[in-house]
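Contents: one structure, followed by commentary.
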Amino acid sequence: MTDVSTARREEIAAGLAQVERRIAEACAAAGRPREEVTLVAVTKTYPVSDIRILSGLGVRDIGENRDQEAAAKARDCAGLPVRWHFVGQLQTNKARSVASYADVIHSVDRPRLAAALGRGAVAAGRLVTCLVQVALDDDPGRGGVTPDGVPAVADAVAEQEGLVLGGVMAVAPLGTSPAPAFARLREVAEALRAAHPRASMISAGMSGDLAEAVAHGATHVRVGTALLGRRTPFVR
Ligand SMILES: *Cc1c(COP(=O)(O)O)cnc(C)c1O
């Protein structure tokens, strides 16, 4: 009755129910239909068995942030009805690999990376959706291009045959209220959409700030901890 996998399934189901409730409440508060927001379950550091549980519970979008880990998991999960989202900082030399399995890449922040992803997507015979990651603070360690650099990266994505420009992504700055950052991101998204009308995705909001992100127009929230528990910190 209480074997380990049953217990884990119940734990994840409870986390998912709570996250679903938070998303639904945030949508209701913002006067938005629930279907406008996609939950991306960020499974980094967690095993493939958790991805299978999430899939069994109806989650269709899985996020990872390291190529090696993501590639192996995508291979193990071939046949599961899930889309793979790459949400981590991406080195150009990993672009070809990521373009071979990711359906959506949230972290495109320079033209050279867009070109490398485009070559990888074409080589793999795939069409990959790319979001421009926007830096909303002055911490270059977290990736992203400053708002004034967004059009050049967006154009570089849009001109690649194997890529589709999907919209924008951001991580809220640490240690301050996320609302101003998400408001700024929405402005950047609207400016982008004026030039690229189909680029309507806004990836914003994590476990701690998903309601604020939904209030500011997020179409995709990326949630790990609130679904799966606190990740074990590891020393690099
Ligand atoms: C890990 C990660 C998340 C999920 O963060 P939680 O706080 O665990 O929900 C979201 N976005 C990115 C880019 C991440 O690396």
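Only the coordinates and a few stated rules stand behind these numbers; no lab work does. This structure is a prediction, so every number in the text was calculated from the model and none was measured. Glycine gets a Cβ as well: all are built from the backbone with ideal geometry, and neighbour counts include every protein chain shown.
Here are a few things to note about the model shown:
- Taking GluC sites (Glu not before Pro) in DSSP loop conformation with at most 13 other Cβ atoms inside 10 Å as exposed sites, the chain has its longest uninterrupted site-free stretch at 1-158.
- Averaging the Cα positions of each part gives two centres, and for region 77-97 and region 101-160 these lie 13 Å apart.
- Legend: P(r) of region 22-157 from all alpha carbon pair distances, 10 Å bins from 0, whole percents, reading 12, 37, 34, 16, 1.
- Overall Cα dimensions of the chain - principal axes, largest extent first, Å: 56, 42, 36
- log₁₀ of I(q)/I(0) at q = 0.14 Å⁻¹ - region 54-110, Debye sum with one point per alpha carbon: -0.34
- The Stokes-Einstein estimate for region 97-236, based on a Kirkwood radius over Cα pairs and taken at 4 °C with 1.567 mPa s viscosity, is a diffusion coefficient of 84 µm²/s.
- Trypsin sites (Lys or Arg not before Pro) lying in DSSP loop within region 137-200, provided at most 15 other Cβ fall within 10 Å: Arg198
- About its Cα centre, the dipole of the chain is roughly 520 debye, where the only charges are +1 on Lys and Arg Cβ and -1 on Asp and Glu Cβ.
- Pairs of alpha carbons in region 167-236 whose separation is greater than 17 Å (percent): 46 percent
- Among Cys27, Cys77, Cys130, residue whose mean-square fluctuation peaks in a GNM of the chain (springs only between Cα atoms under 10 Å): Cys77
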